[in-house]
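For reference, the structure is listed below as structure tokens.
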Protein chains: 2
Amino acid sequence: MATSPTIGSYLIRRLQDYGVRHIFGIPGDYVLGFYDQLQNSPLKVIGTTKEDGAGFAADAYARINGMGAVCVTYCVGGLSVANAVAGAYAEKSPVVVISGSPGMRERIDDPLLHHKVRSFSTQKEIFEKITVASAVLDDPDTALARIDECLAACWQHKRPVYIELPRDLVDVRPRYPHRAVTRERQFDPRALKEAIGEAVARLNRAKRPVILADVEVHRFGLAEELRALTERSNIPVAVTILGKSVISELHPNYLGIYEGAMGRAEVRAAVEDADCLLMLGTVLSDVNLGIFTAELDHGRAIEATSELISISRHRYDRVDFAQFVHALTRAKLRRHRSRNLAPAPKPPVGEPRDCAITVTRLFDFIDERLSEDMAVVCDVGLCLFGAIDLVIHRKTEFIAPAYYTSMGFAVPASIGVALANPRLRPVVLVGDGAFQMTGMELSTVVAQGLDPIIIVLNNHGYTTERFIKDGPYNDILNWRFERIPEILGSGWGRAVRSEREFTEAWATACAYRGRFSLIAVELEPFDHCPALGRLGERMARNLSQSK
Amino acid sequence: MATSPTIGSYLIRRLQDYGVRHIFGIPGDYVLGFYDQLQNSPLKVIGTTKEDGAGFAADAYARINGMGAVCVTYCVGGLSVANAVAGAYAEKSPVVVISGSPGMRERIDDPLLHHKVRSFSTQKEIFEKITVASAVLDDPDTALARIDECLAACWQHKRPVYIELPRDLVDVRPRYPHRAVTRERQFDPRALKEAIGEAVARLNRAKRPVILADVEVHRFGLAEELRALTERSNIPVAVTILGKSVISELHPNYLGIYEGAMGRAEVRAAVEDADCLLMLGTVLSDVNLGIFTAELDHGRAIEATSELISISRHRYDRVDFAQFVHALTRAKLRRHRSRNLAPAPKPPVGEPRDCAITVTRLFDFIDERLSEDMAVVCDVGLCLFGAIDLVIHRKTEFIAPAYYTSMGFAVPASIGVALANPRLRPVVLVGDGAFQMTGMELSTVVAQGLDPIIIVLNNHGYTTERFIKDGPYNDILNWRFERIPEILGSGWGRAVRSEREFTEAWATACAYRGRFSLIAVELEPFDHCPALGRLGERMARNLSQSK
């Protein structure tokens, strides 16, 4: 009879099975035993300065790597990642949350152990609200099966799960040998066949079909299928802001970002006038739908996501999203003729001048300079709306919390991006307000020897909110961001005001490898990109109408 | 018929009734309407850089002011204060959490609005776990009564409450006039009389009685009663680490900090050998009980807290804690003779030398230099254990998260302390690890023109954990903390290594008013105070025994 592994070592092995190579977090006494196991395992422990930084890094890592993990101590650690994990839930990022906790033998008589809030189960009860599966590994004989279940749920739903490890069980072995059993959801091949038959008929009959691709195409690893699908059928592809970069934006069939009335008019016309709209992996959120200005006729739509497959106004249960996309790509699709919907190439941005740089010109300069080995990691607000029109090249990535929109995501996320794919150099776009929340996670960037390029759009406050309702509460203290390298003892920083200063700083940053670069771009408080103008106007209207 | 106030303005007025003058937070679009109301109210809005900073500041403010409040946006804001609010729950700090949320009319058909995690009630369900009352003000006709109930619960239990304000109801007035009704808990005066009678008889019969005072004495405003009680009866007073400073540590009846085997032997002997131990407002946590090395005989104890009154092994229900303390102070207590248990005065620390400063000497120097107008705000770890032996003077305050022990509390907390009582100058004791979590909240210190003295105990890692189990995960990047003023454009910083450098920097900091001072004290990674040595040893034993 084979010896069972310890609970801790089994968890580590199963994480590796799913491709996890790094784990983010901060130790604490309830999780120190497991940290010791991690330290002696092939997994690399990435200590951050703060737990939410670990959460955002693990989220970004999961988006690129297929699964990510965060490991923290009980309550003071766990509750500090709640917001980052909620964001991963909302945007379908498969993050495994591992928390140490008081040993089962310490819990007898319900003592007031440090870090405990109300009862020993308070933390689990909270995480049940923001995960798709959760388990306290309090019984050695079932612990391994619970690990299997949680990781399978994380993989299947592309959403966070919660695993709590009482510290006196980390090194315990179950009494009986364990055989991993994965209970997969049951699908009906006849339903799949019928759905594909109907979808193909509608697509082949259509004169102006369009594909609207969103984030699940990426999460379920279907980007190559999408490319094959559009190339075989010649159906053009628009994407949402949350789904940006699921297809190369240089692809001839690429239409642009669809965002209802918020986005570019040509893209809106093509999507909303489509006589068959194939929506793949879409999350119908307010931001994705241009604050509900989208006018999508479900009667002409085929919608396929991990949660449902529907055609017109009827739905197919028990059809798997990935299988549907695979089958569709291989089906007998007619080749549509080209309609020349691709966006006109932008005019060259021209030489940088000595005048003050504007948001629009800043994005133009960045756009022209993005290279294939760069991943754009975008925070919330002005930078997100400005980034809509950045052209993401083949094989690069665009990562942003475009639905949950939690400020402070980008700097820590860049750590996850760089570790998930060392060939990608992150370019972080972040506002001054968001940087003040989590930007000092650059400390971890230094500790890990990473070299993102950080562009701080410094407009001295919460500019998106200024467009909705302005008040002194939208102003924040000015930081000399460019001097942060002096605190951290590494990195290079520069504050810029003019176009020429920016392009020179960008060139220096690109050449400066092995350490981070930070360019703080001074902007006028109300300067903005066209997309933010449209969005702010709409949101202000919503706010006043909501009264 | 009087016109009803709007829901938002009623909430603001009721907060003022409870003495709230400042409200901490960060705006977001779901709460901008209420921010506008706040801005036009007598309440002062204190914008922080990050929501958890607002949570810690509100917690500290509540501890000194009697109630505190934090105001954030939906989910991305609310979930970011979950950990700070959990700490306030654990340590009984009356914090009102106000969160904006999507308007009720926006929720029809359950759309995917930005910031939403799973359902519209997810955030409330999470806060139900870490508050004593919660309400979504979704009905104008009941909203004002719900506000009354939540604030009364916060006041009564000295624990956080949660109030969610859908943004389309902020400016709405109820149809009917509202009369505030406070439903108070019903107590039984006969039970009180019986309990007092028994307590007095036991105290008067005792030969070696001792009072053990804890944090609830402070929270329920009973510090003056405690002083009167010990002065009338001449019974000596020990306090717990969480209750430190509920009585002046220069008071002749003051015994010292009781912490089981972790604390000083004389205090332990006096408390554990008492033939009648009057425990007032005690939280029987592991840290307070010296990691459960306390040996308290409940058969010889009178325990009074807001949750129960018990004498020996029987309990009195329906007796109010505050009424019990009031009545006891006024009862016919025999005057015990003095037993000379007060700690011997410390020998003078002597002249500072040019040698490297140690933790022990650092605390000795600080101790000698603390003045009456200073409040010690202490973070977790080495600084907390070192601070056990600091002598807090009359009228000063000691604030620390000594039970929940969430790192990163102190710097943001100092903002709450300074605003709650502008006559107190905070002295912040914080480790390098904790500072890296939240220390950049000094940005808010600058914005508000406050002048705390920040002492960073820089030992390059998580030293408390090094004593439990050491590994590379306990090492962190070194920051040049003293240069942070250059980032923020204000403040004064100095790194020190020797005793003389420290005392000179302290003198400069004391003289430098109106801006913060930061002294980064270089320490050896394993240098520590005696208390941490004892504690770390005990916790390491717990960790290995728990296997």
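The values are calculated or read from the model by the stated rules, or taken from the named source; none is laboratory data. All figures in this text were calculated on a predicted structure; none of them were measured in a lab. No Cβ is skipped: glycine too gets one built from the backbone with ideal geometry, and neighbour counts run over all protein chains shown.
Of all residues being part of a loop (DSSP other than H, G, I, E, B) and touching a residue at least 40 places away in the same chain (Cβ under 8 Å) in the range B:279-288, which is farthest from the other protein chains (Cβ to nearest Cβ)? Just the residue, please.
Start the filter on the range B:279-288 by keeping residues that are part of a loop (DSSP other than H, G, I, E, B), which leaves B:281-284, B:286-288.
After this cut, where a residue has to be touching a residue at least 40 places away in the same chain (Cβ under 8 Å) as well, the list is B:281-283, B:287-288.
Values: B:G281: 14, B:T282: 10, B:V283: 7, B:V287: 5, B:N288: 8 Å.
Per the criteria, the residue is B:G281.
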Hey, could you check the range A:73-88 for residues that are assigned to a helix (DSSP H, G or I) and either free of Cβ contacts under 8 Å to residues at least 60 places away in the same chain or surrounded by fewer than 24 Cβ atoms within 10 Å (Cβ to Cβ) (or both) and say which is farthest from the other protein chains (Cβ to nearest Cβ)?
A:V81
Single residue of the range B:369-393 satisfying the filter (of a type in the set (D, E) and at pLDDT 90 or above) that is nearest to B:H528 (Cα to Cα):
B:D379
Selection count where residues are within 14 Å of chain B (Cβ to nearest Cβ) and among the hydroxyl-bearing types (S, T, Y), scope the range A:132-147
1
Just one of B:A143, B:A69, B:A54, B:A62 is aliphatic (A, V, I, L, M), under 21 Å from A:D52 (Cβ atoms) and crowded, with 24+ Cβ neighbours inside 10 Å; which is it?
B:A54
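Give me the residue from the range B:166-195 that is under 30 Å from B:R315 (Cα atoms) and in contact with a strand residue (DSSP E or B) (Cβ under 9 Å, 6 or more places away or on another chain) and, out of that set, surrounded by the most Cβ atoms within 10 Å (Cβ to Cβ).
Filtering the range B:166-195 down to residues under 30 Å from B:R315 (Cα atoms) leaves B:182-195.
Filter once more, so that each one left must be in contact with a strand residue (DSSP E or B) (Cβ under 9 Å, 6 or more places away or on another chain): B:188, B:191-192, B:194-195.
On the way: B:D188: 14, B:A191: 16, B:L192: 19, B:E194: 14, B:A195: 24.
Restricting to residues being under 30 Å from B:R315 (Cα atoms) and in contact with a strand residue (DSSP E or B) (Cβ under 9 Å, 6 or more places away or on another chain), the top hit is B:A195.
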Could you check B:N234 against (1) surrounded by fewer than 19 Cβ atoms within 10 Å (Cβ to Cβ); (2) on the phi < 0 side of the Ramachandran plot and say which number it fails?
(2)
Scanning the range A:149-169 for residues that are out of contact with any helix residue (DSSP H, G or I) (no Cβ under 7 Å at 6 or more places or on another chain) and away from every other protein chain (no Cβ under 14 Å), which turns out nearest to A:V31 (Cα to Cα)?
A:C150
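Using the structure shown, decide if B:A206 is in contact (Cβ under 8 Å) with a residue 60 or more places away in the chain, closer than 30 Å to B:G256 by Cβ and not β-branched (V, I, T). Before the answer, list the steps.
On the way: in contact (Cβ under 8 Å) with a residue 60 or more places away in the chain: yes; closer than 30 Å to B:G256 by Cβ: yes; not β-branched (V, I, T): yes.
So B:A206 passes the test.
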When only residues in the range B:302-334 that are within 24 Å of the chain's Cα centre (by Cα) and part of a loop (DSSP other than H, G, I, E, B) count, which is farthest from B:G281 (Cα to Cα)?
B:D320
Tally the residues that are crowded, with 23+ Cβ neighbours inside 10 Å and at the interface with chain A (Cβ under 9 Å from one of its Cβ atoms), restricting the search to the range B:31-47.
5
State all residues of the range B:404-417 that are farther than 14 Å from B:V20 by Cα and either small (G, A, S) or surrounded by fewer than 24 Cβ atoms within 10 Å (Cβ to Cβ) (or both); if no residue qualifies, say none.
B:S406, B:G408, B:A410, B:A413, B:S414
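With the condition kept exactly as written, say whether any residue in the range A:160-169 is under 30 Å from A:S101 (Cβ atoms) and of a type in the set (K, R). It would help to see each step written out before you state the result.
Quick first cut of the range A:160-169, residues under 30 Å from A:S101 (Cβ atoms) only: A:160-169.
Next, from what is left, pick out any that are of a type in the set (K, R): A:167.
Yes - at least one qualifying residue is present in the range A:160-169.
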Can you tell me which residue is nearest to A:E307 (Cα to Cα) among those in the range A:89-103 that are under 24 Å from the mean Cα position of the chain (by Cα) and part of a loop (DSSP other than H, G, I, E, B)?
A:K92
Selection over the range A:89-126 where residues are facing another protein chain (nearest Cβ under 9 Å), of a type in the set (A, V, I, L, M) and buried (at least 20 other Cβ atoms within 10 Å of the Cβ) yields a count of 4
Mind checking which residues of the range B:104-124 are more than 34 Å from the chain's Cα centre (by Cα) and either of a type in the set (A, V, I, L, M, F, W, C) or within 18 Å of B:C71 (Cα to Cα) (or both)?
B:M104, B:I108, B:L112, B:L113
Return the residue satisfying two criteria in turn: it lies in the range B:1-45 and is basic (K, R) and over 22 Å from B:E441 (Cα atoms), and of such residues it is farthest from the chain's Cα centre (by Cα).
B:R13
Residue under evaluation A:K129, criteria (1) within 14 Å of another protein chain (Cβ to nearest Cβ); (2) closer than 30 Å to A:D36 by Cβ; (3) at pLDDT 95 or above, criterion not met
(2)
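For (1) touching a helix residue (DSSP H, G or I) at 6+ places or on another chain (Cβ under 7 Å); (2) within 17 Å of B:L151 (Cα to Cα); (3) modelled with pLDDT of 95 or more; (4) not aromatic (F, W, Y), each residue gets a yes or a no:
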{"site": "B:Q37", "(1), (2), (3), (4)": "yes, no, yes, yes"}
{"site": "B:G53", "(1), (2), (3), (4)": "yes, no, yes, yes"}
{"site": "B:Y61", "(1), (2), (3), (4)": "yes, yes, yes, no"}
{"site": "B:A69", "(1), (2), (3), (4)": "yes, yes, yes, yes"}
{"site": "B:V76", "(1), (2), (3), (4)": "yes, no, yes, yes"}
{"site": "B:S80", "(1), (2), (3), (4)": "yes, no, yes, yes"}
{"site": "B:V95", "(1), (2), (3), (4)": "yes, yes, yes, yes"}
Within the range B:335-342, can one find any residue that is under 27 Å from the mean Cα position of the chain (by Cα) and surrounded by fewer than 22 Cβ atoms within 10 Å (Cβ to Cβ)?
yes
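Looking at the structure I just gave you, is A:R21 out of contact with any Asp or Glu (no Cβ under 9 Å at 6 or more places or on another chain), without any contact (Cβ under 8 Å) to a residue 24 or more places away in the chain and either crowded, with 24+ Cβ neighbours inside 10 Å or among the charged types (D, E, K, R) (or both)? So that I can check it myself, show each step before the final result.
Values: out of contact with any Asp or Glu (no Cβ under 9 Å at 6 or more places or on another chain): yes; without any contact (Cβ under 8 Å) to a residue 24 or more places away in the chain: no; either crowded, with 24+ Cβ neighbours inside 10 Å or among the charged types (D, E, K, R) (or both): yes.
So A:R21 does not fit the description; no.
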Contact list, first residue from the range A:450-477 and among the hydroxyl-bearing types (S, T, Y), second anywhere and part of a helix (DSSP H, G or I) and buried (at least 21 other Cβ atoms within 10 Å of the Cβ), beta-carbon distance below 6 Å, six or more apart or interchain, is A:Y462/A:G433; A:Y462/A:N474; A:T463/A:L382; A:Y473/B:Y35
If you go through the range B:261-281, how many residues are small (G, A, S) and crowded, with 22+ Cβ neighbours inside 10 Å?
3
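Condition check ((1) part of a helix (DSSP H, G or I); (2) touching a residue at least 24 places away in the same chain (Cβ under 8 Å); (3) under 18 Å from the mean Cα position of the chain (by Cα)) across all residues:
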{"site": "B:A199", "(1), (2), (3)": "yes, yes, no"}
{"site": "B:I211", "(1), (2), (3)": "no, yes, no"}
{"site": "B:T230", "(1), (2), (3)": "yes, no, no"}
{"site": "B:G243", "(1), (2), (3)": "no, yes, yes"}
{"site": "B:V267", "(1), (2), (3)": "yes, yes, no"}
{"site": "B:V271", "(1), (2), (3)": "yes, yes, no"}
{"site": "B:L277", "(1), (2), (3)": "no, yes, no"}
{"site": "B:F292", "(1), (2), (3)": "no, yes, no"}
{"site": "B:L296", "(1), (2), (3)": "no, yes, no"}
